[in-house]
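The values are calculated or read from the model by the stated rules, or taken from the named source; none is laboratory data. The structure displayed is predicted, hence computed values, not measured ones. Counting neighbours? That spans all protein chains shown, and the Cβs are built from the backbone with ideal geometry, glycine included.
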Amino acid sequence: MSHAITFSAYGSPDVLQLSEVTPPEPGPGQVRIRVRAASVNPLDVKLRSGLMAAAAPARFPVIPGLDAAGVVDAVGEGAGAAVGDEVLGSAVGGAYAEYALLDRPVAKPEGMPWELAASLVTVGRTAARVLGELGVEPGQTLLVHGAGGSVGTLAVQLATARGITVIGTAGERDLERVTSYGATAVRYGDGWAERVRAAAPQGIDRVLDASGAGVLPDSVALTGANAHVLTIADLNAAQHGVRFSAGGPAAPGEDSLPQLVRSAAAGHLALPVWRTYPVAEAAAAHQALESHQNQGKIVLAP
């Protein structure tokens, strides 16, 4: 037996419990890792709370967690890694555990911290995907809401590296960091649209909403077209005629993780890790994320 965090009912962070579980066995193409780090994502919170129950009903008990990094200790037929390899990737069946399964493991560069390796997976793929879905081109201007968050942070850096002008809305504490990534930082809150217009007199071509802060109507007005706005965070997107991006195997950017990892290892892509909690303190990690205490990724580690 091994240990994992599980929940058997929707609710507050207190439903997360440390449980004994049977270690999973890798299937074809899969590897099992001994987890060294697991990333905590906003989707983990939404799934645990029941907010996503209609779209993705849980089969209890659930081991949460989308992303993991660790050392391969068992392999399935045709797996893309060998026992002893250090890898990262998307977890199948949960990552808040001693052992997790990865479908498409990516090699962890030597010297990359485990916390960063686990943190890059979902937010990196998401940032690459949404830029592709928006179709934003070099020379255009992109507005990123939530530019201080993890997806926003990576989207800003990926976009500026492609010659895209980026305006990023963020909280006061994140403005300097957003500016350091090559964006023009704009304080969010009342009056944000006027501040964006002042910062981008040339106009806004595309908008990525990574904040879910009720910004869609004004974002559509800024671009002049619903199709030029995309959200990953506002569940009311359809009411405003805006696309909600949930990803999928065929979505652009879903195969981007190896390049993202190489860029991060080379120092060309930054992703702050705010705090690492022991796995047994997953409830405290969720509480910190829900109360917006963090400035960067939250990670669980043994």
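Structural remarks
- Strands (runs of 3 or more DSSP E) (entirely within the range 62-133) containing at least 1 residues that are in contact with a Leu (Cβ under 7 Å, 6 or more places away or on another chain): 67-75, 86-92
Residues are listed down the side, and each one gets a yes or a no for (1) in a helix (DSSP H, G or I); (2) over 19 Å from the mean Cα position of the chain (by Cα):
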position	(1), (2)
Gln157	yes, no
Gly163	no, yes
Thr169	no, no
Arg195	yes, yes
Asp234	no, no
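- Selection within the range 140-155 - closer than 19 Å to Gln202 by Cα and in a loop (DSSP other than H, G, I, E, B): Gln140
- Filtered by the rule that a residue be in contact (Cβ under 8 Å) with a residue 40 or more places away in the chain and in contact with a helix residue (DSSP H, G or I) (Cβ under 7 Å, 6 or more places away or on another chain), the range 146-156 gives Gly146, Ala147, Gly148, Ser150, Val151, Leu154, Ala155.
- Pairs where the first residue, in the range 187-209, is buried (at least 19 other Cβ atoms within 10 Å of the Cβ) and the second is among the acidic types (Asp, Glu), C-beta under 8 Å, 6+ apart: Asp209/Asp234
- Note on the range 2-60: residues that are among the aliphatic types (A, V, I, L, M) and touching a Ser or Thr at 6+ places or on another chain (Cβ under 7 Å) amount to 2.
- Condition check for Arg59 on (1) part of a loop (DSSP other than H, G, I, E, B); (2) surrounded by 14 or more Cβ atoms within 10 Å (Cβ to Cβ): one failure, at (2).
- Filter pass, Ala79 being in contact (Cβ under 8 Å) with a residue 12 or more places away in the chain and within 15 Å of the chain's Cα centre (by Cα): no
- Among the residues of the range 64-97, just one is among the hydroxyl-bearing types (Ser, Thr, Tyr) and surrounded by 24 or more Cβ atoms within 10 Å (Cβ to Cβ), namely Tyr96.
- Among the residues here, Gly212 does not qualify as surrounded by fewer than 17 Cβ atoms within 10 Å (Cβ to Cβ), in a loop (DSSP other than H, G, I, E, B) and not assigned by TED's automatic domain parsing to the domain that holds Gly89.
- Failed item, numbered, when Asp255 is tested on (1) in contact (Cβ under 8 Å) with a residue 12 or more places away in the chain; (2) under 18 Å from Leu66 (Cβ atoms): (1)
- For Arg34: the one exception among (1) in contact with a Phe, Trp or Tyr (Cβ under 9 Å, 6 or more places away or on another chain); (2) more than 13 Å from Leu102 (Cβ to Cβ); (3) part of a strand (DSSP E or B): (2)
- If you filter the range 1-31 down to residues that are outside any strand (DSSP E or B) and among the small types (Gly, Ala, Ser), you find that the one that is nearest to Gly80 (Cα to Cα) is Gly29.
- Of all residues making up the range 38-56, the number that are in a loop (DSSP other than H, G, I, E, B) and either surrounded by 18 or more Cβ atoms within 10 Å (Cβ to Cβ) or outside the structural domain of Ser19 (by TED's automatic domain parsing) (or both): 1
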